[in-house]
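Step one of this worksheet: look at the structure below.
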Amino acid sequence: MNEHLHILWEKRPLIISGPCSAETENQVLETARRLKRIGKIDMLRAGIWKPRTKPGMFEGIGEPALSWLSAAKVETGLPITVEVANARHVDMALKGGVDVIWIGARTTVNPFSIQELADSLRGVDVPVLIKNPLNPDLELWCGAVERILQSGIRQIGLIHRGFSSYGNTEYRNAPMWQLPIEMKRRYPGMMLLCDPSHICGNRHMLQGVSQKSIDLDFDGLMIESHIDPDHAWSDAKQQVTPERLNELLDSLVWRSETAPSPETMSHLSLLRSQIDQVDDELLELFSRRMKLAEDIGLYKKENNMTILQAKRWNEILQRAIGKAVQLGLSREFIVRYLDAVHMESIQHQTQVMNTTEQTEHP
Ligand code: PEP
Ligand code: MN
C-alpha cells in the first residue's frame, strides 16, 4: 500500500462516493471530475460487477470499466474502489490498479465466497472494506472479518449498509444500529463507514441516516452519486448528483464543540436508537391489535352481537393490570393506556360494523 493511501486510511471522516455502477467512460469521468470539484471526497467508488436480484438486469460493465476508473484516478488523483465477489474479480481489480476493494452484502453472507476471496488475497497488500451481510447475522459479518484477517490483510474496514427484511418498511434495508455498534465494540479501532444509500433506497432520507451514523461515531460514509441519477442503470432512486451530495455533506454536523465526549454521545445515541426501535415495534403491535379487533368486529356483526361486551372488557383489564404491576408499571399508567387502546379498538370495530361491503370476509 502506498504512503498516500496509508495516510488516507487514517483520515476522518473518510468519504467515498461515486456511482452505483460504472456505465460509460464519460459517466465515470464526469462523475469523478464533479466529485473532485466539491473537494470533500477521498475516494471514488463504482460497481463494475453488479450482483443483481433478477437475470436480465444490468450486471455491470466488467473488466473494461477498470480502464475508465484508472483514467478517472489519473485525472483527479482520487484512489478508486470496486466491489469484488470472487478470486477472478480480485485478480482483475488488482491488475487494473484498484486501490481498495470492497466486499458486497450478497457476498458476505456466503462463507465459501469469502474464503475464496481470502485465499486470493493471501500475500496481497490491499485494503478491504467488508459490507455487512444482507441478513442481520453479526457472526456472519465477524466470520468474514476473521477470514480476511487470516489471509494476512491488515487494513480492514466495515461498511454498514443495513439489513434486508420482508415487506415494506420505510428503509430499503433496516439500519438496526445496534449491530454495527456491536461490531465497533468487538473490533475497536477498525474503520466503520455508513452506506446511507443502500440503507435508505431513496434520496430524502440520506441526510438523516448520515447524521445518525455520525452521531454514533462512525468514521465516514460511502454514498452513491451519479451525474444523472434519474437515469442511472442501477439504484436510480437513491443516487444524488455530486452537487447535491456537496449540500448534503455541508448540512451534516460532524461534532459540536459543546457536545459531550464522543463516547457519551455514542452511548446516548445508541440508547435513543433502541428507544426508537422499541417504539416502532409498539406501533406495529398496536396496528396488529387493531386488525384483530376488526376481525372480532366482523364476527360480532355476522352474529349480531354488540360491540361493547362489558364482561370481556373487565377480564382484559384485570388480566393486564395484574401483569403490568408485576412488570413494574404503575396501575395508573396501565389503566390510562388500556382505556386509550379500548377506545381505539371500539372505533375500528364500529367502522367495520358500519361498512356494508365486508360480508365476503371469511
Ligand atoms: C453497491 O454498493 O452498489 C452494492 C451492490 O451494495 P450492497 O452490497 O450493499 O447491496
Ligand atoms: Mn448500489
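Laboratory data are not the source of any read-out in this text; all were calculated from the coordinates shown. Since the structure is predicted, the reported quantities are computational estimates derived from the model, not experimental observations. All Cβ positions, glycine included, derive from the backbone under ideal geometry; neighbour counts span all protein chains shown.
List the chymotrypsin sites (Phe, Trp or Tyr not before Pro) in segment 122-208 that DSSP assigns to loop (not H, G, I, E or B) and whose Cβ has at most 16 other Cβ atoms within 10 Å. Which are they?
TYR166
Using label points projected 7 Å from each Cα along Cα→Cβ, tell me how many nm separate SER165 and VAL325, to one decimal.
For SER165 paired with VAL325, the spin-label model returns 3.5 nm.
Which of the lysines could be linked to LYS50 by a straight reach, that is with a Cα gap under 23 Å, when you skip same-chain ones fewer than 8 residues away?
The qualifying lysines are LYS73, LYS95, LYS131, LYS237.
By average Cβ neighbour count within 10 Å, what is the ranking of 19-27, 186-194 from highest down?
Most protected by this proxy first, the peptides run 19-27, 186-194.
Check cross-link reach from LYS212 to the aspartates and glutamates: straight Cα distance under 12 Å, and skip same-chain residues fewer than eight apart.
Cross-link targets: ASP195.
For THR264 and LYS95, compute 0.36 nm times the residue count separating them, minus their Cα-Cα distance, and round to one decimal in nm.
Working it through step by step, the gained length comes to 56.4 nm.
Taking N as the number of residues in the chain, what value does Rg over Cα atoms divided by 2.2 N^0.38 Å take?
1.23
For segment 273-279, just list the computed ³J(HN,Hα) in residue order, Karplus coefficients 6.51, -1.76 and 1.60, θ = phi - 60°, integers in Hz, with x standing in for Gly and Pro.
Going residue by residue, I get 5, 5, 4, 4, 5, 5, 4 Hz, with x marking Gly and Pro.
One quarter of the convex hull surface, Cα atoms only: what value does that give for segment 179-265 in nm²?
The orientation-averaged projected area of the Cα hull of segment 179-265 comes to 6.3 nm².
Can you give the relative contact order of the chain as a percent, counting alpha carbon pairs under 8 Å and 6+ residues apart?
13
Tell me which residues come under 5 Å, amide H to amide H, from LEU158 once H is placed; ignore anything under 5 positions away on its chain.
ILE130, MET191, LEU192, LEU193
With the calculation restricted to Cα positions, what are the radius of gyration and Dmax of segment 198-325 in angstrom?
23.7, 66
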